[in-house]
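The values are calculated or read from the model by the stated rules, or taken from the named source; none is laboratory data. Remember, it's a predicted structure, so these values are computed and weren't measured experimentally. Glycine gets a Cβ as well: all are built from the backbone with ideal geometry, and neighbour counts include every protein chain shown.
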Amino acid sequence: MKKLLLSLLLLCLFGSCKKAIEKKKEDIVIAAMVSGQWTITNFEYNSNTITSDFSGYKFQYYENKTVDAIKNGSVEKTGTWNGDASNMTTTANFSNVIVPLSLINGVWHIDDSGWTYVVATQTTGGETKKMRLEKQ
């Protein structure tokens with residue numbers, strides 16, 4: 001009986017530690033994203049550089065998992081975002097938008113990141129996109 005209780009206690013402790021680590025990772029992702037506005041400094045679509053399509057855009061991420069697409073100082077559209085540090089992915093969704101904002105929608109794999117930049121790729125239906133975001 002003592003072994004069973006000890007085993008259950010250890011299982012709970014390890015489970016709690018893992019959850020605490022995952023929560024801390026999520027907190028770090030959120031803290032990095034919500035501090036400052038972000039711009040797209042490189043965007044490649046099927047090997048074509050179309051960064052200029054995002055000229056004038058800034059993105060403001062919020063803790064409630066919404067994101068504003070700000071063009072020339074005015075909010076053009078509000079969408080949603082999510083980050084998963086364990087899977088190294090980020091997700092964006094802007095409803096009822098056209099190019100270029102529609103190109104941001106979907107799940108992106110984070111290839112490289114730091115406190116002030118994120119490089120991510122997305123491949124869907126034979127289309128490949130690569131984006132670099134930098135914090136302003």
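So here's what we get for this one:
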item: Residue among Thr116, Thr80 that is surrounded by fewer than 18 Cβ atoms within 10 Å (Cβ to Cβ), within 11 Å of the chain's Cα centre (by Cα), farther than 17 Å from Phe43 by Cβ and among the polar types (S, T, N, Q); result: Thr80
item: Residue list for the stretch 55-77, filter: of a type in the set (Ser, Thr, Tyr) and part of a loop (DSSP other than H, G, I, E, B); result: Ser55, Tyr62
item: Where a residue in the stretch 76-105 is within 19 Å of Met33 (Cα to Cα) and free of Cβ contacts under 8 Å to residues at least 24 places away in the same chain and its partner, wherever it lies, is outside any strand (DSSP E or B) and among the basic types (Lys, Arg), with Cβ under 6 Å and at least six apart; result: Thr80/Lys65; Asn82/Lys65
item: Residue in the stretch 37-54 that is within 12 Å of the chain's Cα centre (by Cα) and either of a type in the set (A, V, I, L, M) or outside any helix (DSSP H, G or I) (or both) present; result: yes
item: Single match in Ser7, Ser74 (criterion: over 17 Å from Val118 (Cα atoms) and at pLDDT 95 or above); result: Ser74
